[in-house]
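One structure is given below, encoded as structure tokens.
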Amino acid sequence: EFEIYVQLIVTVTMIMTGLGLEVQIGTRLLAYLRLQQRPWTWRLAQFLFAFFTTIAIVSRSVFGLPFLVIGLWKLGFPETIAYLMHAEDAAKLKLYKKAVADVTNSIGLMLHHSASAYVTVG
């Protein structure tokens, strides 16, 4: 039972850290990169995803967890919260089907990241 408890606590910590990266760093990063005209950085983050998650899985150590968070949440780019921001914009424009679709995309992405973190930690 203790192992499951630890796995759950570590997973929740990773989820909160990943979302924190998106909110605190990702939004600022996007604003800066838009000013600098650097759209290739998102492709780089997607490319590095495989590298960072491989390090996390192969390390089989607590020291691999930061690599897992950085990999799953793609260097803090606001992928998960971007859907919520799009949903808010769509709702303001009374595009309710789009708003619902964006919210469900955000929930799906969050579940995907959470399950990946949980399985990797276990």
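Every number here is computed from the coordinates shown, using simple stated rules; none is lab data. Bear in mind the structure is a predicted one, so any value in this text is a computation, not a measurement. FYI the Cβ positions are ideal-geometry reconstructions off the backbone, even for glycines, and counts take in every protein chain you see.
Taking the alpha carbon gyration tensor of the stretch 2-121, multiplying each eigenvalue by 5 and rooting it gives semi-axes of 27, 19, 11 Å, largest first. Computed from Cα positions, the angle between helix 27-36 and the longest principal axis of the chain comes to roughly 60 degrees.
Going by neighbour counts of Cβ atoms within 10 Å, the residues Val121, Val23 line up, fewest first, as Val23, Val121.
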